[in-house]
Amino acid sequence: MIKLSQAAADEIQRLKSKQKQPNLLFSLAVKPGGCSGWFYNMTFKDGHTLTDGDRIFISHNIQIVVSIETLEHIQDLTIEYSEDLMGGGFRFYNSLASTVCSCGNSFSVDS
């Protein structure tokens with residue numbers, strides 16, 4: 001299950017509204033790279049282009065699209081958003097991560 005904090009959902013909705021395309025869904029993936037082996041990739045995906053390999057989670061009325069391949073790395077992920085003097089940013093809390101880079105955007109999982 002993928003969960004968003006209310007602040008993360010609000011920020012995703014704000015970013016989505018700038019796109020001016022009503023069929024967009026929030027898409028979350030992991031890709032190889034970063035300091036620890038995997039990094040999070042957030043985009044918007046046209047809802048008409050979903051495939052059989054996509055799963056949809058709903059949190060705070062935000063539909064989150066995740067591929068089956070990504071899901072095996074983030075099955076119990078919580079995404080939060082906060083702002084500080086340096087600006088705003090998303091924070092990822094992944095119970096499957098065995099190590100996390102100090103930036104918080106890169107992680108590894110035990111095989």
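The values are calculated or read from the model by the stated rules, or taken from the named source; none is laboratory data. Fair warning: this is a prediction, and the values are worked out from it, not measured in the lab. Every residue, glycine among them, receives a Cβ derived from its backbone with ideal geometry; neighbour counts consider all protein chains shown. For accessibility, only protein heavy atoms count, side chains too; no ligands or nucleic acids. Shrake-Rupley method; radii C 1.70, N 1.55, O 1.52, S 1.80 Å.
For the listed peptides 52-59, 36-43, a ranking on the average number of other beta carbons within 10 Å per residue, highest first, reads 36-43, 52-59. Remark: relative contact order (the chain) = 31 percent; criterion is Cα-Cα distance under 8 angstrom and separation of 6 or more residues. Could you tell me the calculated FRET efficiency between Val100 and Gln75, based on Cβ-Cβ distance and R0 = 22 angstrom, to the nearest 0.05? About 0.85, to the nearest 0.05.
Taking only C-alpha pairs under 8 Å that are 6+ residues apart, what is the relative contact order of region 65-111 in percent?
On the way: 53 pairs, mean separation 13.1, N = 47.
For region 65-111, the relative contact order is 28 percent.
Dividing the summed helix terms, -39500 (n - 2.57) for each DSSP H run of n ≥ 4, by the number of residues in the chain produces a 222 nm estimate of -4500 deg cm²/dmol to the nearest 500. Remark: the chain carries 60 Å² of accessible area per residue (probe radius 1.4 Å; ligands, DNA and RNA excluded). Would you list, by chain and number, the lysines whose Cα falls below 20 Å from the Cα of Lys3, excluding same-chain residues fewer than 8 positions away? Output for Lys3: Lys16, Lys31, Lys45.
Note on the chain: dipole from Cβ charges, positive end direction compared against Phe44, Val30, Asn105; the farthest Cα belongs to Phe44.
Relative to the Cα centre, what is the charge dipole magnitude of region 1-105, using +1 at the beta carbon of each Lys and Arg, -1 at the beta carbon of each Asp and Glu, and rounding to the nearest 20 debye?
Numbers: 9 positive and 11 negative charges, 53 e Å.
About 260 debye.
Cβ screening of the chain for cysteine pairs under 4.7 Å finds these without a partner: Cys103.
Please work out, to two decimal places, the log10 of the ratio I(q)/I(0) at q = 0.10, 0.19, 0.22, 0.23 Å⁻¹ from a Debye calculation in which every Cα of the chain carries one identical scatterer. Ignoring solvent entirely, the Cα scatterers give -0.28, -1.03, -1.32, -1.40. What the pair-distance distribution of region 1-46 shows, using all Cα-Cα distances binned every 5 Å from zero, is 5, 18, 24, 22, 17, 10, 3, 0 percent.
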